[in-house]
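Visitor: The following block contains the structure, expressed as structure tokens.
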Amino acid sequence: MTTKIIFRNLFQHPLSTLLSLLLLTCGTGIISMLLVTRHQLATKMDRELQDIDLVVGAKGSPLQLVLSAVYQLDAPTGNILLKDADRIAALPLVKEAIPLAYGDSYRSYRIVGTDSNYLGKYNCVFSGGRIFNTDMEAVIGSEVAAHTGLKIGDTFAGMHGLSDNGHAHTAFKYRVTGILMENNTVVDKLVLTNVASVWKIHDDGDEEKEITALLIKYRSPQAMISLPRMINETTPMQAAIPQLEIKRLFSLMGVGIKTLQAIAFAIVLLSGLSVFIALYTRLKERKYELALARAMGSSRMLISCLLLCEGLIMVISGFILGIMLSRVGLLYLSKYSRMSVFRISLLPEEWHLLLVTLLLGILAAALPAIQAFRLNISKTLAHE
């Protein structure tokens, strides 16, 4: 009976209730989506960074160099001479140096010239086939295989640049020798071959071989202090520290995210005010009804709890709808951006958001509940 009374009161003014729910849903949905997106991006970037300590490439923007060489998200800053890269790779402070050579793509998926160490760094496992052994052999990531339909033994021609409108190298065709299992890293979206294949396609008679970047792992902590400075000051190349550049990227993103979160929190607070107004208005309209219920034996605590429950039901419903809205938004974002940002479980920050929402509901219902508790039965009935 008590539950029926609560829901009857909530829908006595449906437009007011729906407005409060809409504001709560939008506010919590936006906050939730921002929290999950930021968390998933940070997790994905940490996972794809693996143990890459330094990226060496052409001079330019260090952030651009890291995004292009580690995350495959930007155009490279240019090429560097192979002989210069080899000098760096041979230094005692360098434990491992993985070359990367760009230039072409296949159906917007980047073709990367590298070596077997690159696959080992990302713990790649083959779902079929083998690694490239000779020129013009290629290994494709799981997403590339799924979206292009390429199978082991198929051949394809790369296209210059990253768009589908570039010049196709039809005279040189790659043959797929292996397909990688999905491992939720950047490798899923790459076509991998050896560096010599990239040189072979772009051979213009120049004896000076070039690569795009070098991924370096330090041999000792001492390299962290001296190696980047030495490269930047004494060579025609630049050295970028991925951890620092990604931290700077997130600090730049943080301004926009915090602004959106502030707007969303303002919407949530506005929804709390809306809940308060709705409950306060209903209390004034139902004074006689509540006084009559008191006269018939209902306790003050029961009447106050009814109003408190109305406020809590509204904010909890808004929170649940907001989480559902955020998950639908994340699902579409994952689908259309080719980024895995969707998750079902709640983040710790989202549980904190639930606590804030519950507190908001309690505060919004507190004054109407206190007034209901102090309601003077005789005066109210006499006035009516």
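The values are calculated or read from the model by the stated rules, or taken from the named source; none is laboratory data. Note that the structure is predicted; figures quoted are calculated from it, not measured. Backbone-built Cβ (ideal geometry, glycine too); neighbour counts: all protein chains shown.
Visitor: Under 9 Å between Cβ atoms, which residue pairs at least 6 apart in sequence (or on different chains) link something in region 343-357 that is without any contact (Cβ under 8 Å) to a residue 60 or more places away in the chain with a partner that is among the small types (Gly, Ala, Ser)?
Guide: Final answer for the pair search is 346/32.
Visitor: Another question, if that's okay. Select, from 120, 149, 141, 128, the only residue that is free of Cβ contacts under 8 Å to residues at least 24 places away in the same chain and closer than 20 Å to residue 184 by Cβ.
Guide: Working: 149 fails: closer than 20 Å to residue 184 by Cβ; 141 fails: free of Cβ contacts under 8 Å to residues at least 24 places away in the same chain; 128 fails: free of Cβ contacts under 8 Å to residues at least 24 places away in the same chain.
After applying the criteria, what remains is 120.
Visitor: Can you find, within region 178-225, the residue that is farthest from residue 143 (Cα to Cα) among those that are in a helix (DSSP H, G or I) and touching a Ser or Thr at 6+ places or on another chain (Cβ under 7 Å)?
Guide: Step one: list which residues in region 178-225 are in a helix (DSSP H, G or I), which gives 186-189, 195-201, 222-225.
Narrowing further to those that are touching a Ser or Thr at 6+ places or on another chain (Cβ under 7 Å): 188, 195.
Values: 188: 5, 195: 22 Å.
Step by step, filter region 178-225, then rank; the result is 195.
Visitor: Check 189, 151 and return the single one that is more than 23 Å from residue 334 (Cβ to Cβ), of a type in the set (D, E, K, R) and at pLDDT 90 or above.
Guide: Working: 189 fails: more than 23 Å from residue 334 (Cβ to Cβ).
Selected residue: 151, the only one of 189, 151 that is more than 23 Å from residue 334 (Cβ to Cβ), of a type in the set (D, E, K, R) and at pLDDT 90 or above.
Visitor: Oh, and also: Output yes when any residue across region 308-329 is of a type in the set (Asp, Glu), modelled with pLDDT of 80 or more and either in a helix (DSSP H, G or I) or in contact with a helix residue (DSSP H, G or I) (Cβ under 7 Å, 6 or more places away or on another chain) (or both), and no when none is.
Guide: Looking through region 308-329, none of the residues is of a type in the set (Asp, Glu), modelled with pLDDT of 80 or more and either in a helix (DSSP H, G or I) or in contact with a helix residue (DSSP H, G or I) (Cβ under 7 Å, 6 or more places away or on another chain) (or both).
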